Ligand SMILES: C[S@@+](CC[C@H](N)C(=O)[O-])C[C@H]1O[C@@H](n2cnc3c(N)ncnc32)[C@H](O)[C@@H]1O
């Protein structure tokens, strides 16, 4: 039996270094050497789809041909793109309410949106609340994730995670191969774009709400600070930032502070003083 | 601890569901069809019922209708849990009073998120 069958790492140190460097250069994410065993499992589907047996063959192909499309696919395989509908449901509902309190047309940026469940969760809430539809820009560094998000098509497992059945009935259609597809009118409310938080300037204009959840903790501290600076600069004076549960700006940004209107959110230092209502979803 | 009654004629499915529910800190009981489930509810009403569609003796839909006529202290939440995965079935179940719907196969995260949605997890 091979080492892999025993759960032992089979990736050679050289390949692990190459992939770690590629991931860091593309996304700012750093994988500690101690966790490089993760590469094995993460790259397995890619190896299979290319008809390769061993990771070294992938390394060789990447380096010999200087193949950027292959580099994209490797990076995509290494990224954690775990997400779900209404992840942390309470704060998503609060986020939608905060947006509704802003003068129309409100603008929302879902940064690192993965396969699109997060912007769709908001879009459904906005559509159900009625009134002018906020503009939603949804971005991710992974081209593959953006292609999937734009298609709005989810497997039976994905569609059931976090999405109440009544919303699924209202906003999704069933499609062949156990897929569920978001209605075009819902998808049309979201502009999907590839965007790297570490290297790209923020999308044009200022936002009432920015979501940047479950991605910053993968970044080195100095990059995290830079990204937070950029997010702060992209907020309207009364805009709010939402990070993942357990992520914070405290000690990492001088330009952001906990929001006084809603627990778990952040606002710009110097944001106008309008604590009309206090939401405490978390 | 919350209580869940699993109603399914398949022993295997009951075992899988029980395992997941126990890791979510539920006290679990089982019934093999709708009639057994009704008897179980009369004896001790659970917080939530995981309900299969096709079963001998009394189907999930028949059970759901019968449950509506029972003088229970509190109405348990009902989560359909079935391989009937078409929109028509889903709509029928929700119209008949089910609170949520899980399409088999499901995993732990799915079940947990559905139980959270109905407010028992
Ligand atoms: C764990 S998912 C989080 C998805 C969603 N925000 C949520 O909380 O459910 C992290 C996402 O961040 C993306 N990502 C990683 N590095 C990034 C970067 N430098 N710029 C933009 N997105 C990045 C990944 O492609 C992945 O889709």
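Filter the range A:204-215 down to residues that are surrounded by fewer than 18 Cβ atoms within 10 Å (Cβ to Cβ) and closer than 18 Å to residue A:243 by Cα, then give me how many there are. Talk me through it step by step, then tell me what you get.
Let us first name the residues in the range A:204-215 that are surrounded by fewer than 18 Cβ atoms within 10 Å (Cβ to Cβ), namely A:204-206.
Filter once more, keeping what is closer than 18 Å to residue A:243 by Cα: A:206.
Matching residues across the range A:204-215 total 1.
Where in the range A:202-282 are there strands (runs of 3 or more DSSP E), lying wholly inside it, with at least 3 residues that are more than 20 Å from residue A:87 (Cα to Cα)? Spell out how you get there, then give the answer.
Details: elements: A:207-212, A:235-243, A:256-258, A:265-268.
The strands (runs of 3 or more DSSP E) meeting that bar are A:235-243, A:256-258.
Scanning the range A:79-91 for residues that are within 13 Å of the ligand (Cβ to nearest atom), surrounded by fewer than 20 Cβ atoms within 10 Å (Cβ to Cβ) and assigned to a helix (DSSP H, G or I) yields a total of 1. Residues in the range A:144-158 that are outside any loop (DSSP other than H, G, I, E, B) and touching a helix residue (DSSP H, G or I) at 6+ places or on another chain (Cβ under 6 Å): A:144 only. With respect to being at pLDDT 95 or above, within 14 Å of chain A (Cβ to nearest Cβ) and surrounded by 15 or more Cβ atoms within 10 Å (Cβ to Cβ), residue B:121 falls outside the description. One residue stands out in the range A:92-117 among those that are within 14 Å of residue A:167 (Cβ to Cβ) and under 16 Å from the mean Cα position of the chain (by Cα): the one that is farthest from the ligand (Cβ to nearest atom), namely A:92.
Yes/no per residue for (1) at pLDDT 95 or above; (2) away from the ligand (no atom under 11 Å from the Cβ); (3) farther than 19 Å from residue A:108 by Cβ:
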| position | (1), (2), (3) |
| --- | --- |
| A:169 | yes, yes, yes |
| A:173 | yes, yes, yes |
| A:184 | yes, yes, yes |
| A:202 | yes, yes, no |
| A:208 | yes, yes, no |
| A:211 | yes, no, no |
| A:214 | yes, no, no |
| A:222 | no, yes, yes |
| A:240 | yes, yes, no |
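For the range A:115-137, the condition holds for no residue, the condition being that it is at pLDDT 95 or above and either within 25 Å of residue A:18 (Cβ to Cβ) or not assigned by TED's automatic domain parsing to the domain that holds residue A:199 (or both). The one condition from (1) in the same structural domain as residue A:119 (by TED's automatic domain parsing); (2) in contact (Cβ under 8 Å) with a residue 24 or more places away in the chain; (3) assigned to a helix (DSSP H, G or I) that residue A:193 does not meet is (3).
The values are calculated or read from the model by the stated rules, or taken from the named source; none is laboratory data. This is a predicted model, so every value here is computed, not measured. Every residue, glycine among them, receives a Cβ derived from its backbone with ideal geometry; neighbour counts consider all protein chains shown.
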